[in-house]
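**Q** This structure is in structure tokens; I'll ask about it shortly.
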Amino acid sequence: MNHHALNPSSASLATRDLAVLWHPCTQMHDHETIPMVPVARGEGAWLVDAGGRRYLDGISSWWTNLFGHANPRIGAAVKKQVDTLEHVIFAGFTHEPAVELAESLLRVAPPGLERVFLADNGSAAIEVALKMSFHYWQNIGHGEKTRFIALTGSYHGETLGALSVSDVALYRRTYAPLLLHPELAPSPDAYEGEPGETPVQVATRRLGQMRTLLERHAHECCAVIVEPLVQCAGGMRMHDASYLTGLRALCDEFEVHLIADEIAVGFGRTGTLFACEQAAITPDFLCLSKGLTGGFLPLSAVLTTGKVYAAFYDEYRSGKAFLHSHSYTGNPLACAAAVETLRIFADEPVLERNRLLAAHLRARLAPLADHPHVADVRQTGMIAAVELVADKATRRPFQADERRGLRVYLHGLDHGALLRPLGNVVYFMPPYVVTTDEIDHLVDVAIAGIERAVA
Ligand SMILES: *Cc1c(COP(=O)(O)O)cnc(C)c1O
């Protein structure tokens with residue numbers, strides 16, 4: 001395996017880091033052989049390390065960045081806010097950035113969403129949505145509704161509630177004894193369809209199975225939670241929008257809420273501002289984070305309907321108020337970054353530009369479909385993924401412990417690209433400021449990395 005050479009100043013920061021820090025989603029022992037990359041600064045789609053080496057951020061720093069690192073517009077908005085009001089308690093007090101953010105979000109969100117509840121990271125937004133849904137049913141006299149329905153292959157975060165409704169074994173298995181027990185419905189993931197089945201046919205069949213599950217369990221369930229169009233952490237698995245349209249109808253018919261987790265797919269990732277738009281649906285709860293602040297600061301929002309809000313609105317002594325708070329709820333710096341991010345969407349033809357970039361990415365990845373170790377090349381807007389397999393005919397995956405994806409990652413670091421495959425899935429989720437030349441670079445590095453990984 002190939003080792004990324006670090007210059008002295010990178011090496012010393014990495015050494016200090018490894019003496020005191022504990023990183024997320026990492027077996028720290030790996031860093032005996034895998035380099036820790038100290039980042040000195042970011043410029044647009046690029047990260048620059050302490051030794052001046054540049055890496056194209058092909059995954060938008062865990063899907064958060066939209067308009068480039070150190071984006072000057074968002075940076076200026078945060079700087080201005082820093083000198084005005086850094087933070088204030090958000091119970092009993094309010095401020096311009098939070099109000100403007102809520103107004104702006106409701107203007108662009110699917111119709112029917114009328115209230116915004118703020119939290120400070122994606123998992124917290126999921127906790128809020130789960131609790132709010134449960135509490136809604138309790139407030140209207142349906143305390144028997146205490147469970148949730150999630151999809152196989154789903155990922156909604158890693159706090160205990162969010163992990164409970166997630167089905168990625170790597171994250172869930174160890175902590176399973178601590179978790180709630182949702183009903184799992186089979187994912188409409190088109191890759192898992194029967195041979196010859198179209199994505200629409202997979203979606204229809206999966207809706208039939210969801211109906212059966214709801215017939216049995218709707219009476220005890222608060223909500224169905226989904227990642228619209230793309231199950232990201234589960235391997236960038238994609239499904240047809242008709243599944244969402246059908247699911248909305250089923251949730252209405254069986255009187256359970258629909259929670260749309262657009263934490264990863266919101267803000268233009270799938271080609272529309274929100275993925276739900278492609279199915280023309282409005283969920284009862286829309287969870288947003290990641291791109292919400294353009295990748296600058298942690299913040300999340302749960303949008304819900306006037307109907308849900310009304311079920312909590314009563315005299316104090318009714319005891320119906322929603323009970324959830326984080327110290328940094330509605331942080332003004334984060335809200336200012338989010339307001340400016342939404343202004344960029346309003347001022348610039350972001351989605352149109354992304355359509356051209358997505359078409360370029362699609363064309364560049366197309367030849368990989370013929371590769372003997374590639375079972376699938378799929379794309380939804382600015383998310384593209386290549387599924388590596390040991391055997392193309394049977395789609396038999398590479399063993400996880402062979403860590404083929406890690407080889408692509410290491411190849412990327414040596415060749416100026418940050419690619420971070422999810423197991424055997426090499427994916428591309430670049431910031432929207434990427435150029436077609438930069439996409440070429442990313443794809444060239446990925447293809448060479450894939451050749452090394454499957455060898
Ligand atoms: C990242 C993610 C989360 C969790 O967000 P965090 O801010 O990492 O807690 C939840 N749902 C989806 C779909 C995500 O991609």
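The values are calculated or read from the model by the stated rules, or taken from the named source; none is laboratory data. What you see is a predicted model, and the numbers here were worked out from it, not measured in a lab. Please note: Cβ atoms are built from the backbone with ideal geometry, for glycine as well, and neighbour counts cover all protein chains shown. Side chains are part of the model used for accessible areas, which takes the heavy atoms of the whole protein and leaves out ligands, DNA and RNA. Shrake-Rupley method; radii C 1.70, N 1.55, O 1.52, S 1.80 Å.
**Q** Taking Met236 as the residue in question, decide whether it is under 28 Å from Ala393 (Cβ atoms), modelled with pLDDT of 95 or more, buried (at least 17 other Cβ atoms within 10 Å of the Cβ) and not aromatic (Phe, Trp, Tyr).
**A** Here the answer is yes, as Met236 does meet what is asked.
**Q** While we're here: For segment 282-297, enumerate the residues that are touching a strand residue (DSSP E or B) at 6+ places or on another chain (Cβ under 8 Å) and either open to solvent by 30 Å² or more (accessible area, probe 1.4 Å) or over 28 Å from Leu250 (Cβ atoms) (or both).
**A** Residues satisfying the conditions are Thr282, Leu292, Gly295.
**Q** Somewhere in segment 298-308, is a residue within 14 Å of the ligand (Cβ to nearest atom), closer than 19 Å to Leu207 by Cα and open to solvent by 20 Å² or more (accessible area, probe 1.4 Å)?
**A** No, segment 298-308 has no match at all.
Conditions (1) under 24 Å from Glu215 (Cα atoms); (2) open to solvent by 90 Å² or more (accessible area, probe 1.4 Å), marked per residue:
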position: Glu158; (1), (2): no, yes
position: Ser164; (1), (2): yes, no
position: Arg172; (1), (2): no, no
position: Pro177; (1), (2): no, yes
position: Ala185; (1), (2): yes, no
position: Tyr191; (1), (2): no, no
position: Glu194; (1), (2): no, yes
position: Glu197; (1), (2): no, no
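**Q** Continuing with the same structure: Could you tell me whether segment 213-224 includes any residue that is crowded, with 24+ Cβ neighbours inside 10 Å, within 16 Å of the ligand (Cβ to nearest atom) and more than 11 Å from the chain's Cα centre (by Cα)?
**A** yes
**Q** With Ala119, Ala176 as the choices, which residue is in contact with a His (Cβ under 9 Å, 6 or more places away or on another chain) and either without any contact (Cβ under 8 Å) to a residue 60 or more places away in the chain or within 16 Å of the ligand (Cβ to nearest atom) (or both)?
**A** One residue alone meets the criteria, Ala119.
**Q** With the condition kept exactly as written, say whether any residue in segment 256-274 is in a helix (DSSP H, G or I) and either open to solvent by 10 Å² or more (accessible area, probe 1.4 Å) or hydroxyl-bearing (Ser, Thr, Tyr) (or both).
**A** Taking every residue of segment 256-274 in turn, none turns out to be in a helix (DSSP H, G or I) and either open to solvent by 10 Å² or more (accessible area, probe 1.4 Å) or hydroxyl-bearing (Ser, Thr, Tyr) (or both).
**Q** Also: Name every residue in segment 335-367 that is closer than 30 Å to Val302 by Cβ, open to solvent by 10 Å² or more (accessible area, probe 1.4 Å) and not aliphatic (A, V, I, L, M), in order of residue number.
**A** The answer is Glu340, Arg343, Phe345, Asp347, Glu348, Pro349, Glu352, Arg353, Arg355.
**Q** Also, quick follow-up: Within segment 129-146, can you find the residues that are in a helix (DSSP H, G or I), in contact (Cβ under 8 Å) with a residue 60 or more places away in the chain and open to solvent by 60 Å² or more (accessible area, probe 1.4 Å)?
**A** Within segment 129-146, Lys131, Phe134 qualify.
**Q** Select, from Asp401, Asp414, Asp391, the only residue that is touching a residue at least 12 places away in the same chain (Cβ under 8 Å) and among the acidic types (Asp, Glu).
**A** Asp414
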